[in-house]
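A short worksheet on the structure shown next.
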Amino acid sequence: MATTLFSQSSTQQLIKYSKVLEYFENGQVSEFDLNLGSGNMTMLVEINGKKTEVNYRVPNVSRFLDDIDDDIEAYNEAHPDSKMVYDLEPAAEIPWFVSMLPTLILVGSMGIFLYVMMRQTRGSGGMSGFSKAKPRTPQDGRIVTFADVAGADEEKEELVEIVEFLKNPAKYNALGARIPKGVLLMGPPGTGKTLLARAVAGEAGVPFYSISGSDFVEMFVGVGASRVRDLFAEAKKTAPSIVFIDEIDAVGRHRGAGLGGGHDEREQTLNQLLVEMDGFGANSGVIIIAATNRKDILDPALLRPGRFDRQILVGYPDVKGREEILKVHVRNKPMGPDVNLKTVAKATVGFTGADLENVVNEAALLAARANKRAITMKEIEDATIKVIAGPEKRSKVVTEKEKRLTAYHEAGHAVCTYYCPTQDPVHEISIIPRGMAGGYTMSLPEDDRGYLAKTAMQENIVTLLGGRMAELIVLDDISTGASNDLERATQIARSMVTRYGFSEKLGPVVYGQDQGEVFLGMDINRSRNYSEEVAAEIDQEIRRIIEEAYSRAREILEAHRDQLEVVAQYLMEHEKIGEFGFKALMEGREVNPEEDQHGIFSKVISDAQKEAAAQLEAAQTESQPETPASEPEAPAAAPEAGTTEESSAPDQKEE
């Protein structure tokens, strides 16, 4: 049986359609069975005088029957006594639903597609929904008030009138007063402009619509203008209300800038925004609040009275403001007993509200990583350095040559900073890679400053070039590690000459214009407002300032070469040093590790301790004259009391 199956399978695989037709033409087939549905056929064929059963599958049944019809008749005529016997089995009946299955699948797919399209159309308002504005409302359900905004007391006072008008507009309308239609909040990133706008809405208890300037602009012309109209229409329906446009410079840039013409989509959106803002009446109850970091690139028509006619600068918080901001961010966080927010505020000069929030959050993450139940001063210190310089990369492989180069480079910065009186004191030096830097010398400001003197800027350049000079003096070679230092030093020197009038040769004249406006178009048609001769003199003055600072850095490091070596060798051994340790090395003392562990808060903590000691001493001094004055008749007792106080006072100071 196995042999039969094998031979049949082989015959079926080797036989061709032309060979089957040849069997029928030659009269070799005496009988066959054919299934009309599947095409499977079994033939009894006479091959070499022997009848053999051959299996074959017909590719096309109807054509095959047409091809062999004449051969069957010829065979029957040739063999009238033994005509060809064949059996044509009809195809199996297919249920009607099976034959309809492809059609049903097609119809179902189209129905699902149409249903999804209709749901999307209903959700977006149809094709007209594409031109609808999609303002966002706060989803957290938390109402922000002025109590949640810290470090911006003057800015909040400016916005109190807005809140009072929204609560009681009749009070102002009765006197004919007109509340500002638009308030522009401008300032550096992270200073709390968006939070202030939410606080105004929270205090007034009115609807708050928030949208970004980039949400107006689309690739289709006219969509942005349509969205502006829709936004203001929605705001008027729920008046009194507040519309907050974040990053308005995305749509409010100066018209005519760039290479686009008057049909530019952004300019059409700005034109519609100007019309909508200027069309408000005194009783509309809709106030526009916008925020931007780039007021200099906004269109003048947007800033004129009647539109954004009140402009509030939200700047960097001072030390008191930073302390209040920290109090807001640590409300729901367990803090250790050693945490002093006043100390943190003094050590974070120049930080914005967003920076301080990031510091507190990073400190919480570090505390959780160390399995602590509360945030201590150490986590806050590490988080502050991480925010400033980036995370440490202790796993990075540093060769001994690179380590030595970095140590002398950072020691050069630190020594030059130490001998430049106008520079902020060194708080920490490290040769552990952080971020993109192989090491860093951190100098934190001791107080808030509103301006810089000429001497301070000159000595800033000296400290920046100190690392490069240290490499040249000690290693007799220079590296690419000072590229950022050179860039910053050159920028400071250029600003001294062209912006601040610090050059005696060129005088108190501003050359060129502010390089803040860098977008395409504003600079294409802008011509330089000084001649080529003056440009050459500017280059000479910049070179002179840099070379003088370079020479002074050499003088400082050569005069204090021994201190440079001590600091560099300490860094190569310990990789990091704090403020107290650095001062000890510069004064020729040994470094006390316990004293040097305070890091960036060491100076603030030391000042606080000295201030507390001074207050205690002043309190004791005030109480001292009372005893002699009350007992004038006992002169012998006065020296004894004075002696007692004098002997105890040094102990108190020493402690």
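Okay, here's what the table says:
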item: Label-to-label distance, nm, for residues given as Thr490 and Asp67 (7 Å Cα→Cβ offset); result: 8.5 nm
item: Simple Cβ-charge dipole of region 335-387, Lys/Arg +1 and Asp/Glu -1, about Cα centre, in debye nearest 20; result: 160 debye
item: Ranking of Arg404, Arg589 by count of other Cβ atoms within 10 Å, fewest first; result: Arg589, Arg404
item: Sites Gln311 and Lys393, calculated FRET efficiency, Cβ-Cβ separation with R0 35 Å, nearest 0.05; result: 0.20
item: Kirkwood-type radius of region 361-460, with distances r between different C-alpha atoms, in Å; result: 15.6 Å
item: Neighbour net charge for Phe502 - beta-carbon separation under 10 angstrom, K R +1, D E -1; result: 0
item: Amide H partners (placed H, <5 Å) of Phe244, local residues excluded; result: Tyr209, Ser210, Ile211, Ile289
item: Cβ-based net charge around Asp87, under 10 Å, with every Lys or Arg adding one and every Asp or Glu removing one; result: -3
item: Per residue convex hull volume, Cα atoms of region 428-516, in Å³; result: 157 Å³
item: Region 13-74 - Rg (one decimal) and Dmax (whole number), Cα, Å; result: 10.9, 32
item: Extension gain (nm, one decimal) between Ala354 and Ala92, 0.36 nm per residue minus Cα-Cα; result: 86.6 nm
item: Virtual paramagnetic centre 7 Å along Cα→Cβ of Asn40, amide N under 14 Å, in region 56-95; result: 56-58, 89-92
item: Under the Karplus curve 6.51 cos²θ - 1.76 cosθ + 1.60, θ = phi - 60°, whole-Hz ³J(HN,Hα) for region 386-393, x wherever Gly or Pro sits; result: 5, 5, 6, 10, x, x, 6, 10
item: Linear extension gain, Tyr530 paired with Glu547, 0.36 nm per residue minus alpha-carbon span; result: 3.7 nm
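All of the numbers you see were taken from the coordinates with simple rules; none came from a lab. Predicted, not measured: the structure shown is a model, and the values here were computed from it. Heads up, the Cβs are rebuilt from the backbone with ideal geometry, glycines too, and the neighbour counts pull from every protein chain shown.
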